[in-house]
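Report on the following structure.
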Amino acid sequence: KGWKEGEREAYLNAMMDDDYIHPLFATDNEELEKSGLVEAFSSLAYDKPPAIAMNESKKKGNDAFANGKQNVAKNVQYYRDAINHYYEAFFWAEKVQPMTEEEIRNAPDDDIPSYTEKQLDDFKSTVCANAAMSHMQLKNWGYVRDDSKKALTFNDQSIKAWYRLAKAHQMLQHWEDAGDAIESGLKCDMTNKELIKLQKLLEKKVQRARLERQKRERAKAERVHAVKQVWKHCKNNHISLGRVPLVTSVTDDEEIDDDKDESRWHHHHPHTGKLPKPISNHEWAWPCMFLYPSHHQSDFITTFCESDMLAIRMAEIFPEIEEHGSSSLDNTTNIPWDYNNEFQCSKLAIYFEVHCSNASSQENIIHPEFVERLSSQGDAMKFYESARALKGDDGPDMQHLATCIEKKHLHKQRKLWISKHGSLWAKPDKCPVVRVHPACTLKQVLTDTRMVVPNFLVTFILIPEHHPVHEQFLKEQTCLGLLEP
């Protein structure tokens, strides 16, 4: 019963077909269309047509908001209900198919309203703006901002949405964004009293925020120019630059990271962000680091000219002791941690590490603790900006962003290393070193093909010639020879 002629046989034949998929088990629209029951299942999707449901939800939202305004007890649940109803109205509006003017005129005369695309966009804009208004009552300023922006994507002439967006930015203390929202709103209606009042209230703060942004942009442009100069100088003089790992962990909670350990570059980090700079047409000065592994100490030299001999700078820091002093105090150095008076210029051996010696140019797989060569000006710029941001020079937001970028970079390095070597514990041998004659100039060291400058800081290792650590140092790190002037 209920089957039309031939309908039952057709259904049974379809059921026996190997390609037939029952509509209940269809995984996409194509499989549902093959079943021949698209219309039947579509009719079961909604209890009411979306065009009716969206208007009913909007009305419920308006009623809930009105009840919240009239409520003496200030029960915020009314506003929460209003927000949910407005979101529901937006959901139903997304399900309504827009029609052209001609299609609306020819539509059957029933109780289901029809809408053009513009009318639907206006409806969506209105319910989003109303949701933002409800969030304002709850002081959910982030949601006010988001819903106002959403409203403006459907109707950028909505004065209410512009005002609520400006108000949200004001409460979030995004002064420049608030000023932009006010100006955009006044372009739609220059006589709007609320926007004019808000503009006068925030005028000084908006102006100050714009000046600060201009300063930041100017400073960034100067940094870009400085890095470009450094890169050009290094390229012209065949000086190699490298980057060091700026973070030691890939997790948010560093305390639970088993791989976390103090970075071997921890002495670099306080001086990160320093760049070499030209001091004349043909003379450059570099920031320089002297490391003393025998005493776990270091010195930072702000300006080391390329034409200066190492012996001159070493003599300034570690002068020779006068042997004919009148008292025992005259026979000691001025360095408080140098108990045995070993740090004298003539008694020190000076080395630099040879980085990137084992890195394959094709695979570019480097252990995360080692120096990675900077291959382009863009890489140098990204590394420099990340290093500055991690120090907090650009504020907490940029610091967090730079941390995430560096963690991602570290994770990628670890993954590549583990895929090739099986474990992070499979570390390469320690970097070989080159001993430097004190009569060498800094430029002679920089232009040596084995030298890679990590973190824009020229780094030397100084050890007393007869100290036990010196012997141990040469056992652990191969010396490739002596660099002479």
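Here is how the numbers come out for the structure above:
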| item | result |
| --- | --- |
| Exposure of W3 as accessible area (Å², to 10), given a probe of 1.4 Å and all protein chains | 120 Å² |
| Euclidean distance of C-alpha centroids, the stretch 450-480 and the stretch 120-141, integer Å | 65 Å |
| Label-point separation, N55 to T449 (7 Å along Cα→Cβ), nm | 8.3 nm |
| Protection proxy ranking, peptides 384-392, 211-219, 273-281, average beta carbon neighbours within 10 Å, highest first | 384-392, 273-281, 211-219 |
| Nonlocal amide H pairs with V453, under 5 Å, H built at 1.01 Å | S240, L241, G242 |
| Solvent-accessible surface ranking, highest first, for T333, T478 at 1.4 angstrom | T478, T333 |
| Two-site FRET efficiency, R213 against L275, from Cβ-Cβ distance with R₀ of 30 Å, rounded to 0.05 | 0.80 |
| The stretch 70-191: projected area of the alpha-carbon convex hull, averaged over directions, in nm² | 9.7 nm² |
| Tensor-based shape of the stretch 381-485 (alpha-carbon gyration tensor, a/c under 1.5 rounded, otherwise prolate or oblate) | oblate |
| Links that overshoot a 27 Å alpha carbon limit, given the list K124/K167; K58/K149; K58/K187 | K58/K187 |
| Loop chymotrypsin sites (Phe, Trp or Tyr not before Pro), the stretch 400-485 (other Cβ atoms within 10 Å of the site Cβ: 11 or fewer; DSSP) | W425 |
| Of the trypsin sites (Lys or Arg not before Pro) in the stretch 59-163, those whose Cβ has at most 13 other Cβ within 10 Å and which sit in DSSP loop | K74, K139 |
| Karplus (6.51, -1.76, 1.60) ³J(HN,Hα), θ = phi - 60°, over the stretch 301-309, in Hz, Gly and Pro reported as x | 9, 5, 10, 10, 5, 5, 7, 6, 7 |
| The stretch 281-294 - phi-based ³J(HN,Hα) in whole Hz, Karplus 6.51/-1.76/1.60, Gly and Pro as x | 4, 10, 10, 10, 10, 10, x, 9, 10, 9, 10, 10, x, 5 |
| Eligible lysines near K427 by straight Cα distance, threshold 24 Å, same-chain separation 8 or greater | K260, K407, K408, K412, K415, K475 |
| Amide H contacts of L348 (H built 1.01 Å from N, under 5 Å, at least 5 apart or other chain) | E465 |
| Lysines whose Cα lies under 26 Å from that of K277, excluding same-chain neighbours fewer than 8 positions away | K215, K220, K228, K232, K235, K382, K391, K443 |
| Ranked order, R313, R208, R435 - accessible area, probe 1.4 Å, largest first | R208, R435, R313 |
| Note, ³J(HN,Hα) from phi for the stretch 448-461, Karplus 6.51, -1.76, 1.60, rounded to Hz, x at Gly and Pro | 5, 5, 8, 8, 10, 7, x, 6, 6, 10, 6, 10, 10, 10 |
| Probe 1.4 Å - accessible area at M171, Å² to nearest ten | 90 Å² |
| Amide H partners (placed H, <5 Å) of L480, local residues excluded | V433, V434, R435 |
| Residues of the stretch 144-230: accessible area per residue with a 1.4 Å probe, Å² | 63 Å² |
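The values are calculated or read from the model by the stated rules, or taken from the named source; none is laboratory data. Source: prediction; values computed, not measured. FYI the Cβ positions are ideal-geometry reconstructions off the backbone, even for glycines, and counts take in every protein chain you see. Accessible surface is based on the protein model in full, side chains and every heavy atom, while ligands, DNA and RNA are left aside. Shrake-Rupley method; radii C 1.70, N 1.55, O 1.52, S 1.80 Å.
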